[in-house]
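Mind looking over this structure? Questions follow.
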Amino acid sequence: MKPGSMKIVIQTDAFDLGAEVNAMSQGRTDIGAIASFVGLARDMNEGSGVQAMTLEHYPGMTEKALATLVEETCARWALLDVTVIHRVGRLLPGDPIVLVAVASSHRGEAFAACEFVMDALKTRAPFWKKEETPEGERWVEARVSDNTAAARWDELP
C-alpha cells in the first residue's frame, strides 16, 4: 500500500459512500476492486424498539486501535487503500454508523479484507453504545455472534 493510503476518521457528521469511493479511486488505474460496507442504525434490537443510539469513544485510543487493525489487514492482504469512518454521537434509526472501504487489484482480496476489518472492528475498537428504547436507556453489551465472526479469522491464513 502506498504511504498515506489509509484513512481513519471518527466523526459526528454523516459520510457519503459515493464521495469516499470516488476519492479512493480518483486518478488510480491500479485499483481493480473496491469492496465496501456501510452499517446503519436499526430501529429494533434485542426485541425492543430503538428510538436512538448514542455512540461514545475514547479519542486517541479509538483511532490507534483502528490504525492497528488496518495495519494488520494490510499485512494479510495486498491492498492499495483502506478507509474506515465511524460516527459517534446521537444517531437515529436509518443513520449511517460505519463505513469500511477497501481497494485492491482483485475483488477476492478486497471482499475478504473488508469483511475482516468489520468483524475485527466490532470486537476490538473501543466504542460504547447506549440505546434509547420505550423501556428506557440501556448500554449495549458485546455479542457472542460478533466474537464468533472475529474468531474465525484466527483460523484462516
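Derivation of every value follows stated rules applied to the coordinates shown; laboratory data play no part. Just so it is clear, the structure is predicted and the values come from calculations on it, not from any experiment. Note that we place each Cβ from the backbone using ideal geometry, even for glycine, and neighbour counts take in every protein chain shown.
Compute a Gaussian network model of the chain, connecting alpha carbons closer than 10 Å, and tell me which residue from 59, 126, 93 fluctuates the most.
59
When the Karplus curve 6.51 cos²θ - 1.76 cosθ + 1.60 is applied with θ = phi - 60°, which whole-Hz ³J(HN,Hα) does each residue of the stretch 121-135 get, with x for Gly and Pro?
Each residue's phi maps through the Karplus curve to give 4, 4, 10, 10, 7, x, 10, 10, 10, 10, 9, 9, 10, x, 7 Hz.
I've got another one for you. With θ set to phi - 60° and the Karplus curve 6.51 cos²θ - 1.76 cosθ + 1.60, what are the ³J(HN,Hα) couplings of the stretch 12-28 in order, to the nearest whole Hz, using x for Gly and Pro?
Going residue by residue, I get 8, 6, 5, 10, 10, 4, x, 5, 5, 5, 4, 4, 5, 9, 3, x, 9 Hz, with x marking Gly and Pro.
Continuing with the same structure: Where the only charges are on Cβ atoms (+1 Lys, Arg; -1 Asp, Glu), what is the dipole of the stretch 6-155 about its Cα centre, to the nearest 20 debye? It would help to have the intermediate numbers written out before the result.
Numbers: 15 positive and 23 negative charges, 34 e Å.
My answer is approximately 160 debye.
For the charge dipole of the chain, defined by +1 on Lys and Arg C-beta atoms and -1 on Asp and Glu C-beta atoms about the Cα centroid, which residue among 51, 69, 80 has the Cα displaced farthest towards the positive pole?
The residue sitting most towards the positive pole is 80.
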